[in-house]
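A.B. asks: Got a structure for you, written out below as structure tokens; questions coming shortly.
The values are calculated or read from the model by the stated rules, or taken from the named source; none is laboratory data. Fair warning: this is a prediction, and the values are worked out from it, not measured in the lab. For neighbour counting, all protein chains shown are included, and Cβ atoms are generated from backbone atoms with ideal geometry for every residue, glycine included. Note: accessible area is taken over every heavy atom of the protein model, side chains too, but ligands, DNA and RNA are not part of it. Shrake-Rupley method; radii C 1.70, N 1.55, O 1.52, S 1.80 Å.
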Amino acid sequence: MRKPIISSGVVILLAAIASFAAEGARMKITSSAFQEGGNIPSKFRCDGSDTSPPLQITGVPSEAKSLVLIADDPDAPGGLFTHWLIWNIPPQTNSISEGSAPKGVHGTNDFGKPDYKGPCPPPGTHRYSFKIYALDRELDLRGGAKRSELDGAMKGHIVAQGVLVGRYARKK
């Protein structure tokens with residue numbers, strides 16, 4: 001009776017390790033404008049100049065064929081709200097200048113726009129995630145696609161990822 005239980009446990013453990021190895025590699029995304037968990041300065045928000053923040057990317061694995069950048073707010077009243085999405089970014093991209101976008105294909109954010117749109121929440125504190133993904137291929141996805149289409153196209157192709165979280169507490 002013990003052998004089947006132990007064998008099942010080993011299979012589950014090996015599956016978990018394989019899953020982690022496939023999508024658990026870590027990249028790093030940082031910004032010189034704010035620290036991890038810190039407040040996002042006003043110039044990068046809707047009540048400022050609504051400029052995209054400078055971003056630095058490190059740890060891209062050599063097998064990466066493209067990168068994906070997504071900025072979103074998981075604390076939005078209606079659920080996850082996407083502020084920026086770009087895919088097929090060249091994997092050698094290691095920085096994105098303030099107020100610019102990397103080369104790649106732009107999707108449609110939840111404001112209905114193809115560009116960065118900064119934090120603009122109702123009152124309360126919100127977290128904003130700037131996520132970077134390394135993929136094992138370029139995506140065959142038309143420009144203007146929405147987040148759900150991008151998420152579906154990325155599934156099974158992520159080889160590494162990183163996230164930078166900033167905060168904004170709107171008082172109005």
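A.B. asks: Scan the range 143-172 and report the pairs whose first residue is over 23 Å from residue 46 (Cβ atoms) and whose second residue is among the acidic types (Asp, Glu) and at pLDDT below 95, with Cβ atoms within less than 9 Å and a gap of 6+ or a chain change.
C.D. replies: Between residues of the range 143-172 that are over 23 Å from residue 46 (Cβ atoms) and residues that are among the acidic types (Asp, Glu) and at pLDDT below 95, the close pairs are 156/23; 158/23; 159/23; 160/23; 161/23.
A.B. asks: Separate question: Tell me, which residue of the range 35-55 that is open to solvent by 40 Å² or more (accessible area, probe 1.4 Å) and touching a Lys or Arg at 6+ places or on another chain (Cβ under 8 Å) is modelled with the highest pLDDT?
C.D. replies: The qualifying residue modelled with the highest pLDDT is 39.
A.B. asks: Please give the number of the condition residue 136 fails out of (1) free of Cβ contacts under 8 Å to residues at least 60 places away in the same chain; (2) surrounded by fewer than 18 Cβ atoms within 10 Å (Cβ to Cβ); (3) not hydrophobic (A, V, I, L, M, F, W, C).
C.D. replies: (1)
A.B. asks: If you don't mind, another one. Here are some conditions: (1) open to solvent by 30 Å² or more (accessible area, probe 1.4 Å); (2) within 13 Å of the chain's Cα centre (by Cα). Residue 129 meets all but one. Which one does it not meet?
C.D. replies: Failing condition for residue 129: (1).
A.B. asks: If a residue counts only when it is at pLDDT below 95, which strands (runs of 3 or more DSSP E) contained entirely in the range 64-172 have at least 3 such residues?
C.D. replies: 124-135, 158-170
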